Amino acid sequence: MSKTLVTLNVNDATYEVAIKPQDTLALALRDGCGLTGTKIGCDMGTCGCCTVLVDGEPALGCLTLALEVEGRRIQTIEGLAGAERLHPLQRAFAECGGSQCGFCTPGFVMTSVALLRTNKAPSRDEIKAAIAGNLCRCTGYAKIVDAVEHAAEQIRDEDDSVPTPNEMSEKPETQAGDKDDAGIHGRRQPATAGR
Amino acid sequence: MMILPEFELARPRSVDEAIGVARAATDGFDYLGGGTDLLCNYKWGLNTNPTVISLRHIGELQRMADGSVGGGVTLAAIEKDADFLHDFPVFRRTLDRLASPLIRQTGTLAGNILVDTRCIWLNQSLFARKALGKCLKADGPECRVVKGSIDRCYANYSGDMAPVFMVLGGTMRLAGPDGERTLLLRDFFALDGIRRNVKQKEEIIVSLDLPSDAKTLRASYQKFRVREAWDFPELAVAASARMDGDRIEELSLVANAVASIPLWMDEIAAKYRGETLSDATIDAIAEDMRKAAKPVKATLLPPGYRKAMVGVMTARALREIRGDVVTEKQSGEAA
Ligand SMILES: Cc1cc2nc3c(=O)[nH]c(=O)nc-3n(C[C@H](O)[C@H](O)[C@H](O)COP(=O)(O)OP(=O)(O)OC[C@H]3O[C@@H](n4cnc5c(N)ncnc54)[C@H](O)[C@@H]3O)c2cc1C
Ligand code: SF4
Ligand code: FES
Ligand code: FES
C-alpha cells in the first residue's frame, strides 16, 4: 500500500509523517516522529506501555491507527516535562521507586496524567482502578500507587495543576523526529507550522 | 512487535457512505469501531480483509440519549453518562469489569456486541497456530475443540454488554443496503462461532435501544474471570426481574460465555414467573441454569468448573436482584 503524508500534532509541534494505512500511532510516533518514549510492549492492548493522550484522553498507541488521529492533539511522555523541571508525576515515580527497568513507566505516567486531570485526590483504590490496564513486571505496583498518590499530593500542595494545553508548550525542544530516513518518514515542523 | 497486514483505510462521514464503500469492496472488508478487537485479530492474521472501513468519523453513530446508545459510542462514554447509569445501574458494574479502562476508552458498544468469538486454539499468533495446527475458523479443515466438527465452530462468545441489553429487552437498529431494520437483541445471535449472528456483512449497527419500562427492572450481571484487573469472561450470568413484593412478575436470564452466543434462557425464566424469590427458588433456578449450560474446552478453565460456576453466578445475580448484599467472594459458596 502506498504511504500518505500526514500531519500529526504531537506535544504542540507538528510532524509531517509518511505512513501506511495500517501503521499504528505507536509506530508512527516512534519511527516517524522519533519520539521513542512511547513504548511498544505486547502490541495487543494488554500492557498499556504505549499509552499516549489524544485530545487529553488516554489512548493505546498500538491499537490506534495513525491516520485516525490526524489533526487531533497528541501528547506523549516527551511533552510532559517543563523546560526546567520534571512533571510532578515523573518526579514522584523517580522518588518513590515507581520505576525500575522503566519500560512500563511512560504508559503509567500518561495514564496517571489523565487520572489526575479529572481527579485531583484519588484514593488508592481509584488509582488501582485507573491503572488496571497498565502492566509492570518489576515493581509489584505498590510503589507505582505510592508515586501517583505522592504526585497528587505534590500537585495539590504546589497548587500546581497537571499541565494544561498551554502549559505544555513550555517543554524543551525535542531533538528527535528530524530524521527522514526511518521506515516511516517523519519531519518535525516548527510548532506553529501547519496550524 | 505484531505487524498489521496491509489494507486500505476508508474514513466515511455517514452511514450511507460507509455502506457504499462496503458494497464496492468486492475483495472483502471489515468495519472498524475502536479497533480493540479487530486490530488484535488482524495482528494475529485471523481472517483479514484488504479494506478496512472506519466508522469513527460518523456522527450519527455517536448519539446517546434516553436509553438509546449509538453503535459508535465508546464504553468510556457510557461509563461517564450519569443519566444512563442512573436509569440502568446494572451497567456500572458491567462496565467496571469489562476489559481495562484503556480498552474502554476506545472500544465501542457495537464493537463489543460483535466482538469475535474466542478460543484457545484460535487467539494465538500465526506462528503458534502453524505449530498447533490451524482450525475451521481460520483456514483449517476442522474444529480442534469438538474434534470432527467440520461445519460448526464452538468458540466462546466473550462480549459483556450484549447479555445485559438482552435481559433489559434491548433492541438493535441496523442500517444496510436495503434500508433499516430493528430487531430484539435476543434474536440477533446465531449459534455458530463463525457465523455468530444474523447481521448481513454490509449492515452497520446504528444503535442499541432500551425500552422505557426497562428502567423499572432490577438487573444484575455476574461475571467470572481469571484476572481481576481485566479479563474476558470465563462465564457470566445476566438476569433481570420485575418484582411484585417478593413475587417474580417477570424474569429474564442469559448464560454468557459458555457457548458461541449469549444463551437466552427463556424456558427456565418462564418456569419461575409468579414464584416467590425465596432461597429455595434461587437454588432451583441456579440448578436449572447449571444443567442447561454446556461449555466446551475453548477457554482457559475446565468446562466442568465453568458449568458449576454458572449455578453460583445465577444465584448471586438473583440474590442481588432480591436486594441481598452480594460481594464477589461469598463465604460458604461452592466455587
Ligand atoms: C486486553 C483486552 C481485554 C478485553 N477484555 C474484554 C472484556 O473483558 N469484555 C469484553 O466484552 N470485551 C473485551 N475485550 C474486547 C474488545 O476490546 C471490546 O469488546 C470492545 O468493546 C470492542 O469494541 P471495538 O469498538 O474496539 O471493536 P472493533 O475491534 O472496532 O470491532 C469489533 C467487531 O465489530 C465490528 N463493528 C464495530 N462497530 C460496528 C458497527 N457500528 N456496525 C457493524 N459492525 C461493527 C467490526 O467490524 C469487528 O468485526 C478486550 C480486548 C482486549 C484487547
Ligand atoms: S472452537 Fe474449533 S473451529 Fe472454533 S476457533 Fe476453536 S478450534 Fe477453531
Ligand atoms: S503495547 Fe499497546 S497495550 Fe501493550
Ligand atoms: S519498571 Fe520494569 S516493567 Fe515496570
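The values are calculated or read from the model by the stated rules, or taken from the named source; none is laboratory data. It should be emphasised that the depicted structure is a prediction, and the values quoted were computed from it without experimental measurement. Here the Cβ is made from the backbone with ideal geometry for all residues, glycine too, and neighbour counts use every protein chain on show.
The strands (runs of 3 or more DSSP E) found entirely in the stretch A:47-94 that carry 2 or more residues being within 16 Å of ligand 1 (Cβ to nearest atom) are A:51-54, A:57-60. Residues that are surrounded by 23 or more Cβ atoms within 10 Å (Cβ to Cβ) and not hydrophobic (A, V, I, L, M, F, W, C) within the stretch B:258-305 comprise B:260, B:262, B:295, B:299, listed in sequence order.
For residue A:42, the conditions (1) within 16 Å of ligand 1 (Cβ to nearest atom); (2) in contact with a helix residue (DSSP H, G or I) (Cβ under 8 Å, 6 or more places away or on another chain); (3) not assigned by TED's automatic domain parsing to the domain that holds residue A:11 are fulfilled apart from (3). Would you mention how many residues in the stretch A:3-27 are within 14 Å of another protein chain (Cβ to nearest Cβ) and not in a loop (DSSP other than H, G, I, E, B)? Residues meeting the conditions: 7. Kindly evaluate residue A:41 against the criterion of being of a type outside the set (A, V, I, L, M, F, W, C), touching a Cys at 6+ places or on another chain (Cβ under 8 Å) and within 10 Å of chain B (Cβ to nearest Cβ). Taking the combined requirement at face value, the residue satisfies it. For the stretch B:4-13, the count of residues that are touching a residue at least 60 places away in the same chain (Cβ under 8 Å) and either of a type in the set (Lys, Arg) or within 23 Å of residue B:134 (Cβ to Cβ) (or both) is zero. Has the stretch A:55-72 got at least one residue that is touching a Leu at 6+ places or on another chain (Cβ under 6 Å), at pLDDT 95 or above and more than 14 Å from chain B (Cβ to nearest Cβ)? No: the stretch A:55-72 contains no residue that is touching a Leu at 6+ places or on another chain (Cβ under 6 Å), at pLDDT 95 or above and more than 14 Å from chain B (Cβ to nearest Cβ). Taking the stretch B:1-31 as the range and being under 15 Å from residue B:48 (Cα atoms) and among the hydroxyl-bearing types (Ser, Thr, Tyr) as the test, the residues that pass are B:26, B:31. Scanning the stretch B:172-193 for residues that are within 15 Å of the chain's Cα centre (by Cα) and either at pLDDT below 95 or part of a loop (DSSP other than H, G, I, E, B) (or both) yields a count of 5. When the stretch B:107-128 is limited to residues that are touching a strand residue (DSSP E or B) at 6+ places or on another chain (Cβ under 7 Å) and in a helix (DSSP H, G or I), the one that is surrounded by the fewest Cβ atoms within 10 Å (Cβ to Cβ) turns out to be B:113. Residues that are loosely packed, with under 13 Cβ neighbours inside 10 Å, away from chain B (no Cβ under 14 Å), modelled with pLDDT under 95 and not in a loop (DSSP other than H, G, I, E, B) do not occur anywhere in the stretch A:110-132.
Taking first residues from the stretch B:216-237 that are assigned to a strand (DSSP E or B) and partners that are within 16 Å of ligand 3 (Cβ to nearest atom) and modelled with pLDDT under 95, the Cβ contacts under 9 Å between residues at least 6 apart in sequence or on separate chains come to B:223/B:231.
Filtering the stretch B:59-86 to residues that are surrounded by fewer than 22 Cβ atoms within 10 Å (Cβ to Cβ) and part of a loop (DSSP other than H, G, I, E, B) leaves B:62, B:63, B:66, B:67, B:81.
Exactly one residue among A:73, A:124, A:137 is out of contact with any Lys or Arg (no Cβ under 9 Å at 6 or more places or on another chain), within 16 Å of ligand 3 (Cβ to nearest atom) and among the basic types (Lys, Arg), and that residue is A:137. Among the residues of the stretch B:169-224, write down those that are touching a strand residue (DSSP E or B) at 6+ places or on another chain (Cβ under 7 Å) and β-branched (Val, Ile, Thr). Once the filter is applied, which keeps residues that are touching a strand residue (DSSP E or B) at 6+ places or on another chain (Cβ under 7 Å) and β-branched (Val, Ile, Thr), the stretch B:169-224 yields B:171, B:182, B:204, B:205, B:206, B:216. Just to be sure before I move on: is residue B:104 crowded, with 23+ Cβ neighbours inside 10 Å and either modelled with pLDDT under 95 or basic (Lys, Arg) (or both) in the structure I sent? Against the criterion (crowded, with 23+ Cβ neighbours inside 10 Å and either modelled with pLDDT under 95 or basic (Lys, Arg) (or both)), residue B:104 qualifies.
Annotation: residue B:17 fulfils all but one of (1) within 22 Å of residue B:115 (Cα to Cα); (2) in a helix (DSSP H, G or I); the unmet one is (1).
Every condition in (1) away from every other protein chain (no Cβ under 12 Å); (2) surrounded by fewer than 16 Cβ atoms within 10 Å (Cβ to Cβ) holds for residue B:29 except the one numbered (2).
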